[in-house]
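Here, each number is a calculation from the coordinates, and none is a lab measurement. Given the structure is predicted, the values throughout are model-derived calculations rather than measurements. Cβ sites come from the backbone with ideal geometry, for glycine too, and all protein chains shown count toward neighbours.
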Amino acid sequence: MQIEPDFFTDKDVARKLNLSTSWVRVQRHKRAKGLPHTLKVDARYIGTCPRYVRGEIEAFVASIAA
């Protein structure tokens, strides 16, 4: 049994979406600058490290899979 963390890194999110880590980073930058973007989830920062709440990422994945 594997325990899922409460927060995901860029790499974790990229794996969930089967996309590159750089795509996740570009999406975060576009969202922060108010530019058109696809990833509709805000990153939380722990210090300078962006992290994504697991439930929000799972909800986003479910919304695009439907």
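Here are the numbers for this structure:
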quantity: Karplus 3J(HN,Hα) series, Hz, for the range 37-46 with 6.51 cos²θ - 1.76 cosθ + 1.60 (x for Gly, Pro); calculated: 8, 9, 6, 9, 10, 7, 7, 9, 10, 10
quantity: Prolate/oblate/rounded label for the range 7-65 (Cα gyration tensor, a/c 1.5); calculated: rounded
quantity: Backbone HN-Hα couplings from phi across the range 53-66 [Karplus 6.51/-1.76/1.60, Hz, Gly and Pro as x]; calculated: 6, 3, x, 5, 5, 4, 5, 5, 4, 5, 5, 8, 7, 7
quantity: Approximate spin-label separation Arg25-Phe7, in nm, with each point projected 7 Å along Cα-to-Cβ; calculated: 1.9
quantity: Residue among Thr48, Thr38, Thr21 with the largest mean-square fluctuation in a Gaussian network model of the chain, springs linking Cα atoms under 10 Å; calculated: Thr48
quantity: The range 7-65 - percent relative contact order, Cα under 8 Å, separation 6 or more; calculated: 35
quantity: Net charge dipole size for the chain [Lys, Arg +1 and Asp, Glu -1 on Cβ; Debye, nearest 20]; calculated: 340
quantity: Gaussian network model of the chain, springs between alpha carbon atoms under 10 Å - residue of Gly34, Gly47, Gly55 with greatest fluctuation; calculated: Gly47
quantity: 5 angstrom amide H check on Arg51, placed H, neighbours 5+ away; calculated: Arg44, Tyr45, Ile46
quantity: Amide hydrogen neighbours beyond the local backbone of Phe7, cut-off 5 Å, H modeled; calculated: Arg54
